[in-house]
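Visitor: Before we start, here is the structure in question, set down as C-alpha cells.
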Amino acid sequence: MSKGNLFVITGPSGAGKGTVLKRVFAAVGNIFYSISATTRSPRPGEEHGREYYFVSKAEFETMIAEKQLLEYAKYSENYYGTPLQPIIEKTRLGNDVVLEIELQGALQVRKSCPEANFIFIAPPSMEELERRLRSRGTEDEKHILMRLEKAKEECAASSNFDHIVVNDDLDKAVDELSQIILSYRK
Ligand code: ADP
Ligand code: 5GP
C-alpha cells in the first residue's frame, strides 16, 4: 500500500481556512484533519478532541519535552502544536493528512518532512481579512490587532508555498483546493 500524502495548509487568521477545509473534507474522501494541541481557550461551540486538544501550558510543555509533537509554535500568546503519532499512523495506512498550521510551524515541517505539500490560503485583500476577522467575533480587539500584524508577515511569505489559493469566492476556493489535493493521488 502506498503512503498517504501530507498537506500543510497555512494562511492568516480569518482568511477562511477552517471554512474552506470543512467543505473540502465533505467533498474529498480518505483524508484526515490533524487535531492540534493548543493552550488557548475553546471558543463557544469548540470541543476538546474535535477542533483541538485544549491543554494547559504544563501539559503542552510535557508534550514538547517528550518529543510528541511534529512541530509547534507560539502564536498570539498561546502554544499550538501537531501531535506526531496520529500522522505516522494515518499516512502509513495510505490516508492523506491535512495540517492547518501557522507559518513558523509550516517552516519546521518543511525541514522535517520535505515531501509534504505546502498550500497557502490567502484573503482577497487585507481589508477583507480584517472584515472577516471582526465579523467572526471570536477575538477581542488586542488579539484582532495581533492577528492582523501576523497576517502581514504570513502574506509576505506566501510565495514560498507550492500553491496559493485565494479565498474570494468560497465555492471556487473549495474547488481549487479539492483539485490540488486530488492531483497528488496516484
Ligand atoms: P480561519 O480558519 O482562516 O481563521 P475562518 O474559516 O474562521 O478563518 O473564516 C473567517 C470568517 O470569514 C468566518 O466568519 C467565515 O464565515 C468567513 N468567510 C470564510 N470564507 C469566506 C468567503 N469566501 N467569503 C466571505 N466570508 C468568508
Ligand atoms: P486559532 O486560534 O484561530 O484556532 O489558530 C491560530 C493560528 O494557529 C492559525 O493560523 C492556525 O492555523 C494555527 N495553528 C493551529 N494549530 C496549529 C499547530 O498545531 N501548529 C502551529 N504551528 N500552528 C497551528
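Visitor: Please report, as a whole percent, how much of the solvent-accessible surface of the chain comes from carbon and sulfur atoms (probe radius 1.4 Å).
Guide: Values: 5100 of 9710 Å².
The nonpolar share, carbon plus sulfur, comes to 53 percent.
Visitor: In whole angstrom, how far apart do the alpha carbon centroids of segment 152-186 and segment 1-36 sit?
Guide: 11
Visitor: Grab the eigenvalues of the alpha-carbon gyration tensor for segment 92-158, scale each by 5, take roots, and send me the semi-axes largest first in whole angstrom.
Guide: 28, 13, 11
Visitor: Using a 7 Å offset from the Cα along the Cα-to-Cβ direction at both Asn95 and His48, what is the distance between the two label points in nm, to one decimal?
Guide: Taking the two extended label points, one gets 2.2 nm.
Visitor: Could you do me a favour and compute the accessible area per residue for the chain, 1.4 Å probe, result in Å²?
Guide: Value returned for the chain: 52 Å² of accessible area per residue.
Visitor: Next question, about the same structure. Find the lysine pairs in the chain meeting two conditions, Cα atoms under 20 Å apart and a separation of 8 or more places or different chains, and report how many there are.
Guide: Here the count comes out as 20.
Visitor: Okay, moving on. So if R0 is 35 Å, what FRET efficiency would Arg40 and Asp162 give, r being the distance between their Cβ atoms, rounded to the nearest 0.05?
Guide: Efficiency for this residue pair is about 0.80.
Visitor: I would also like to ask the following. Report the extension gain between Gln179 and Gln68 in nm, rounded to one decimal, defined as 0.36 nm multiplied by the number of residues separating them, less their alpha carbon distance.
Guide: Fully extending the segment from Gln179 to Gln68 adds 36.8 nm.
Visitor: Translational diffusion coefficient, Stokes-Einstein: compute it for segment 6-183 using the Kirkwood radius over C-alpha pairs as Rh, at 25 °C and 0.890 mPa s, and state it as an integer in µm² s⁻¹.
Guide: 147
Visitor: Just the Cα atoms of segment 1-98: what Rg and Dmax do they give in Å?
Guide: Cα only, segment 1-98: 14.0, 42 Å (Rg, Dmax).
The values are calculated or read from the model by the stated rules, or taken from the named source; none is laboratory data. Worth saying up front: this structure is predicted, and the values here are computed from it rather than measured. Reconstructed Cβ throughout: ideal geometry from the backbone, glycine too, with neighbour counts over all protein chains shown. With ligands, DNA and RNA removed, areas are computed over all heavy atoms of the protein, side chains included. Shrake-Rupley method; radii C 1.70, N 1.55, O 1.52, S 1.80 Å.
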